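Working notes, beginning with the structure itself.
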Amino acid sequence: MTTRADVVVVGAGLGGLACAADLAGRGAGVIVLERHGLVGGYASSFTRGSFTFDVSQHSVGGLSEGQSFWQLLDRLGVATALEVVRPARLATMITPDGVLEIPNDRDGCMEVLASTSPGEEPALRKLLETCAAIHRDTVAGALDSDMRRLIRGMRLAGDRTFENVLQESITSPRLRRALASPWVLLGLPPSRASFSWFAKVLATTYVEGAGHIVGGGQALSDAIAARARDLGVEIRTGEGALHICLENGRVASVETQKEEHIETRTVVAGVDPWSLAELLDGEQDLEPVGEPSLSMIAMYMGLGSDPGSLGMAEGTTFIQGSGDAEKAYRHSLQGKVDEADLVLSNPSPLDGGYAPDGKSMVHAVALVNGRPWFDLDASAYVKRKRQATTALMTRLERLYPGIGEAVEVKETATPRTMYGFTRNHIGAVYGLAQTLAQSGSKRPGPSSSIPGLFRTGAWVLPGGGYSAATLSGLLTGREVARHLELEAATPRPSRDEASFHLAIFYEDTDTDGLTYHVSYLRFFDRARTEMFMQLSKERDIPLPRAVVTRIDVTYHHPSTLGDAVRIHTRARFESDFRVVFEQEAVLERDGTTLAEATTDMAFVDPEGNPVPCPVREALEID
């Protein structure tokens, strides 16, 4: 059986669902394939007896009207479809220094954090304001293609770890520990986490505050799926993709697990790089894969009583082991759940749907290195899982005496459980780790090296977590819309403008922070390649094969990190076989000429023989 679709989305996580809904809203015909019986990936739930458990988190930042995550959901048309409860308390922190109860509002949060080190309040306020600005500008800049805002956010973040920033701005060890507590929400300690990503976590917690979606992550996923179906998307649960088929190096169709072929020239893969390689059957290599994030040990408990009677706070509690995020991270790498930092969620007071009256659901998580769990045979695996469960319960019993007797239902999930549920490599929960080398502009984007193949979700830009995965879906939808030339897509600069836009990244600069002169050769080449790619796509012909025979560059003015640059390109043919490109690089903000280049190119066949340019007419008109 064969059907056809404009786009096939593989995987119905938040990224895949958001991308499908976005593309359907632009007029594309979309089919979503999901091997699991439910949509949502980590944003889903399961039941055991009379209890319902969220697979992952319970409180989400930026959900109030006008805030960052709300804006994404509003863009998808689902913001008003969700019921959100805003708890009075953002989090409770149990630390060696004592217990901190963090209010769920900006001023209250600032007051409590500042109370740990009163003299540091100005520095604390400045740091959190910087985090909010980074988050606000990078999200808005990425979503709306606003290069000025995106670059401004990148400049504020810089190429720094969060540890670098803490050392520069906060002197109190106690306040540093408090600010580092949410490291478990991104899976890296301050010394390894990029400041740009840690800033997002702090902005969506300490600044924006958190909300609880009634019905949990499953309610969020179901709302986006319902919106997608209303727009005409066909979502097939229980039917995954078996193979992405290529013809002449580009996407041609998808074979499903039910032996159906879906003809399509565009696939969006919401899966990890290893799963994607399997779907391609090694037909073509993708980009190198980096470092996966940590996985987790999660213990889901249905209690026959109110957790408050045990002394447990509602909402989220961060339970520190040593009080040192760096040491806690090492314990996670070593699998020492008896010493690692824990996150305990108690959403039942906020949402009565998790348990029958008089009962409750709680959820404890410790991050661990997933890799060792996949080297165990069956008996060793059962033994280690039992040890981890015992260690978690022992710690909770010390903090909340009587919790063990209150448990009516208990289930422990390991990295192998996470892998079986999501197929994420070694059960990674945040996709690629948000290190300096894998964060921001250095993270893989939606496009791939295979024409017609795109990616979305936690493994690509911007990263993992509910809001980031949703944003990834919208960013991928925009790229696919450009590829399909949908009317509602954000337009590229037209060829009439003959312009190509870019920003100066760290990799483009020299030791003095100025754009290295050789970088302009790459910029000019990208602009020429963009023209060829657009023309070949419009005419459905292979990319012209052209070689550079001469290039002259004149440099006029320096540029530096974060500058927005536009490349103007004009073509002048000297014969059917030879073209001269005249190019100019200018600053976006004021039109200052940075560099000019004249490039002679010759069109050749695969053997190197001269051939006429197949797009000469279009280039000359432009």
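The values are calculated or read from the model by the stated rules, or taken from the named source; none is laboratory data. For clarity, every value in this text was computed on a predicted model and none was experimentally measured. Cβ: placed from backbone, ideal geometry, glycine included. Neighbour counts: every protein chain shown.
Checking the structure you have, find out if any residue of the stretch 12-23 is in a strand (DSSP E or B) and touching a Cys at 6+ places or on another chain (Cβ under 7 Å). No: zero hits. Scanning the stretch 377-409 for residues that are surrounded by 15 or more Cβ atoms within 10 Å (Cβ to Cβ) and more than 30 Å from Gly240 (Cα to Cα) yields a total of 15. Number of residues in the stretch 78-105 that are under 27 Å from the mean Cα position of the chain (by Cα) and farther than 16 Å from Ser59 by Cβ: the value is 4.
Of the residues in the stretch 193-214, none is without any contact (Cβ under 8 Å) to a residue 12 or more places away in the chain and acidic (Asp, Glu).
Of the residues Ala364, Ala388, which is touching a helix residue (DSSP H, G or I) at 6+ places or on another chain (Cβ under 6 Å) and at pLDDT 95 or above? Full working, then the answer.
Working: Ala388 fails: touching a helix residue (DSSP H, G or I) at 6+ places or on another chain (Cβ under 6 Å).
Answer to the check: Ala364.
Would it be correct to say that Ile450 is in contact with a Lys or Arg (Cβ under 6 Å, 6 or more places away or on another chain) and surrounded by fewer than 21 Cβ atoms within 10 Å (Cβ to Cβ)?
Working: in contact with a Lys or Arg (Cβ under 6 Å, 6 or more places away or on another chain): no; surrounded by fewer than 21 Cβ atoms within 10 Å (Cβ to Cβ): yes.
Considered against the rule, which asks whether it is in contact with a Lys or Arg (Cβ under 6 Å, 6 or more places away or on another chain) and surrounded by fewer than 21 Cβ atoms within 10 Å (Cβ to Cβ), Ile450 comes out as no.
Residues in the stretch 428-454 that are part of a loop (DSSP other than H, G, I, E, B) and of a type in the set (Lys, Arg): Arg443 only.
Checking the stated criteria, Glu121 turns out to be surrounded by 14 or more Cβ atoms within 10 Å (Cβ to Cβ), without any contact (Cβ under 8 Å) to a residue 12 or more places away in the chain and in a helix (DSSP H, G or I).
Scanning for something in the same structural domain as Asp351 (by TED's automatic domain parsing), surrounded by 20 or more Cβ atoms within 10 Å (Cβ to Cβ) and more than 18 Å from Gly211 (Cβ to Cβ), does the stretch 48-56 turn up at least one residue? Give the steps one after another, and end with the answer.
If we filter the stretch 48-56 for residues that are in the same structural domain as Asp351 (by TED's automatic domain parsing), which is where we start, we get none.
Within the stretch 48-56, none of the residues are in the same structural domain as Asp351 (by TED's automatic domain parsing), surrounded by 20 or more Cβ atoms within 10 Å (Cβ to Cβ) and more than 18 Å from Gly211 (Cβ to Cβ).
Going by the conditions given, is Ala364 of a type outside the set (Ser, Thr, Tyr) and in contact with a Leu (Cβ under 7 Å, 6 or more places away or on another chain)? In short, yes.
Here Val99 clears all of (1) surrounded by fewer than 18 Cβ atoms within 10 Å (Cβ to Cβ); (2) within 29 Å of Gly473 (Cα to Cα); (3) among the aliphatic types (A, V, I, L, M) except the condition numbered (2). The residue of the stretch 462-491 that is nearest to Leu17 (Cα to Cα), among those that are at pLDDT below 70 and out of contact with any helix residue (DSSP H, G or I) (no Cβ under 6 Å at 6 or more places or on another chain), is Ala488. The condition of being modelled with pLDDT under 95, within 14 Å of Thr435 (Cα to Cα) and buried (at least 24 other Cβ atoms within 10 Å of the Cβ) holds for only one of Ala157, Ala193, Ala199, that being Ala157. Residues satisfying the criterion are present in the stretch 383-400 (criterion: part of a loop (DSSP other than H, G, I, E, B), more than 29 Å from the chain's Cα centre (by Cα) and over 29 Å from Arg423 (Cβ atoms)). The set of residues from the stretch 53-92 being among the basic types (Lys, Arg) and over 21 Å from Val201 (Cβ atoms) comprises just one member, Arg75.
Which residues, taken from the stretch 315-334, are outside any strand (DSSP E or B) and surrounded by 20 or more Cβ atoms within 10 Å (Cβ to Cβ)? Break it down stepwise before answering.
In the first step, residues of the stretch 315-334 are kept if they are outside any strand (DSSP E or B); the result is 320-334.
Hits for the stretch 315-334 are Gln320, Gly321, Ala325, Ala328, Tyr329, His331, Ser332.
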